[in-house]
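Here's the structure we're looking at; comments come further down.
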Amino acid sequence: MNQLNDIALVAQVVVMHNKRAFDQLVRKYQSPVRRFFLHQTGGDAALSDDLAQETFIKAYTSLASFRNLSSFSTWLYRIAYNVFYDYLRSRQETDDLEAASRNPMLTTEQQDVGQQMDLYRALRQLKEMERVCLTLYYMEDQSIEKIALITGCPENTVKSHLRRGKENLATYLKQNGYDG
């Protein structure tokens, strides 16, 4: 039913240019997309907001190309993944090594900010694809099949990234005082 509702909203935007229908899609997916970026950026809330905004702008301008071959959420996460990948490419061209190693400040208040920062620090230690697969699977509840569609990797490669990412994350956390 949820998928049908998304398709109905997409149709309203594309056919009738109903901006309120797109607003409903934004409200529905804004938090998950922003959370995806928070995990990718090590908790940089401002950057996550910017990347999420860019994702929704690209989704809106490309909505007519949505062909319902996958769910709307999978299509949207694919756009988010591409936005993040483009950001990384542009950052590599312009950032120096010191800027890449700095720790972003968290702007959201959490009950245990220290643990949250440790998790972001641990996620930064992973390879990009390990981090993407882990956050999509464990934090965004995406299936392996959907992650494969989002990242363009074969399902077995996604499974390998998940396995290696979990192992690397566990090793890093154990070395930093967290017991199994």
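Using only the alpha-carbon atoms, how far is helix 2-16 inclined from the longest principal axis of the chain? Give it as 0 to 90 degrees, nearest 10. In the chain, helix 2-16 runs at an angle near 60 degrees to the longest axis.
Report the number of Lys pairs in the chain whose alpha-carbons are under 30 Å apart, with separation of 8 or more residues or on distinct chains. Counting lysine pairs in the chain gives 19.
Dipole check for the stretch 11-100: with +1 at the C-beta of Lys and Arg, -1 at the C-beta of Asp and Glu, and the Cα centre as origin, the magnitude is about 740 Debye.
The helix-based estimate of mean residue ellipticity at 222 nm for the chain, built from -39,500 (n - 2.57) per DSSP H run of four or more residues and divided by its residue count, is -23500 deg cm²/dmol to the nearest 500. Longest span of the chain, sites excluded, free of trypsin sites (Lys or Arg not before Pro) in DSSP loop with at most 15 other C-beta atoms within 10 Å? With a cap of 15 other Cβ atoms within 10 Å, the longest stretch comes to 1-66.
Does the stretch 2-175 classify as rounded, prolate or oblate by the C-alpha gyration tensor (a ≥ b ≥ c root eigenvalues; a/c under 1.5 gives rounded; else a/b over b/c gives prolate, otherwise oblate)? Prolate, because a/c is 1.5 or more and a/b exceeds b/c.
We did not get these values from a lab; they are worked out from the coordinates using the rules stated. If you're wondering where the values come from, they're calculated on a predicted model, not measured in any experiment. FYI the Cβ positions are ideal-geometry reconstructions off the backbone, even for glycines, and counts take in every protein chain you see.
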